[in-house]
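The values are calculated or read from the model by the stated rules, or taken from the named source; none is laboratory data. No experiment lies behind these values; they were computed from the predicted model shown. Cβ: placed from backbone, ideal geometry, glycine included. Neighbour counts: every protein chain shown. Note: accessible area is taken over every heavy atom of the protein model, side chains too, but ligands, DNA and RNA are not part of it. Shrake-Rupley method; radii C 1.70, N 1.55, O 1.52, S 1.80 Å.
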Amino acid sequence: AVVSTQSTGLESLSSTLYDYFRPMLIQNVHRFELLADICSVLKNDVLEDQVNIKGECLEAFGLLAVQMLEDAQERLSYRTQAYIQSDITQFSPSAGDLAYPEKLSEDLSNQYGMWYPTVRRTLICLSKLYRCTHKNVFESLAQECLSACIDSLKIAALSICENGSLLDSQLFLIKHLLILREQIAPFDVNFAVSEVSLDFSNLKIAASDLITNKSRVFALNSNNALLEFIFQGAPQLTKKLLDSKKDVDINLKEACTDFITTAATMLSSPINAFLATIETSGTTPTMEQC
């Protein structure tokens, strides 16, 4: 009877705590870093280190912790997507962020400070999410985060090319794609996710056919235009596999190929110009010229 009374009292207390803390969590906590820390504490310190060890004594409190963790993880997913949009996709670099190759001559003691800001933010985001979210949630958010980071690097490389040189922009892109590939390697997850969408491309064609053949709308046979519109204009379900880790490798390969082409062109240009001059003049080059 005493145990039952204690359990009832703990359930009541847990319910009161949940009703008090949940609105605070949803309305007042906006930074994804703080939400990730809350999820980590609830998952590792509370549930795994306390509730699971003490068992029935904290069963009611464990239910509260599970509910709070699920709410915090749901909020974390939403705020992470907002963070990716505002701090990675819409990141506006300063002149110093794009100062390549001058930036490479700065103090090398802090290697993370040399990384492009979106790369640094992406890796911090992934490291925090990895410790406190379900595997499938992490994989989905990681794909979105890496995709946004790759796009930001391409935009930055274009800016460096416009204000500096093509060679510097290609080296910038190669360097940071290598950093991304190296840093995401330890994550024991699959970075590939399936994206399901509806393809409405047939709808426009079917609607055009319906208007063209409107005289057959009331036809009492298989050539009824309305039936053809219903069957032919139905949206198609398409499934696309998105693999952000593979995207890093593909973009790195393309960047390396572009760099090799550019470097080879720069090195061979004087030789090609010399050979063109010889061919035009019709003379044979001497040893000194070679």
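Among the numbered criteria (1) at pLDDT below 85; (2) assigned to a helix (DSSP H, G or I); (3) within 25 Å of the chain's Cα centre (by Cα), which one does C149 miss?
So the condition that C149 fails would be (1).
Residue under question is K103, and the condition is that it be over 21 Å from S244 (Cβ atoms) and basic (K, R); does it hold?
On the way: over 21 Å from S244 (Cβ atoms): yes; basic (K, R): yes.
So K103 passes the test.
For region 239-290, how many residues are open to solvent by less than 70 Å² (accessible area, probe 1.4 Å), of a type outside the set (A, V, I, L, M, F, W, C), within 30 Å of F187 (Cα to Cα) and at pLDDT 80 or above?
The qualifying residues number 4.
Test A185 against the criterion of being farther than 25 Å from F32 by Cα and open to solvent by less than 80 Å² (accessible area, probe 1.4 Å), and give yes or no. Steps first, please.
On the way: farther than 25 Å from F32 by Cα: no; open to solvent by less than 80 Å² (accessible area, probe 1.4 Å): yes.
Here the answer is no, as A185 does not meet what is asked.
Mind checking which pairs have a first residue in region 247-261 that is charged (D, E, K, R) and a second that is surrounded by fewer than 16 Cβ atoms within 10 Å (Cβ to Cβ) and in a helix (DSSP H, G or I), Cβ under 8 Å, 6 or more apart or different chains?
From region 247-261, the pairs are D249/R181.
Residue under question is F191, and the condition is that it be among the aromatic types (F, W, Y), more than 24 Å from F259 (Cα to Cα), loosely packed, with under 14 Cβ neighbours inside 10 Å and at pLDDT below 95; does it hold? Give the derivation first.
On the way: among the aromatic types (F, W, Y): yes; more than 24 Å from F259 (Cα to Cα): yes; loosely packed, with under 14 Cβ neighbours inside 10 Å: no; at pLDDT below 95: yes.
In short, no.
From A219, A206, grab the single residue that is modelled with pLDDT under 95 and either within 30 Å of I260 (Cα to Cα) or assigned to a helix (DSSP H, G or I) (or both). Steps first, answer last, please.
On the way: A219 fails: either within 30 Å of I260 (Cα to Cα) or assigned to a helix (DSSP H, G or I) (or both).
Being modelled with pLDDT under 95 and either within 30 Å of I260 (Cα to Cα) or assigned to a helix (DSSP H, G or I) (or both) holds for just one of A219, A206, which is A206.
Can you run down the residue pairs with Cβ atoms below 8 Å, 6 or more apart or on separate chains, where the first is in region 123-136 and without any contact (Cβ under 8 Å) to a residue 60 or more places away in the chain and the partner is surrounded by 17 or more Cβ atoms within 10 Å (Cβ to Cβ) and assigned to a helix (DSSP H, G or I)?
Y130/F138
I'd like to verify a number: residues in region 87-140 that are touching a Ser or Thr at 6+ places or on another chain (Cβ under 8 Å), open to solvent by 40 Å² or more (accessible area, probe 1.4 Å) and β-branched (V, I, T), how many?
The total comes to 2.
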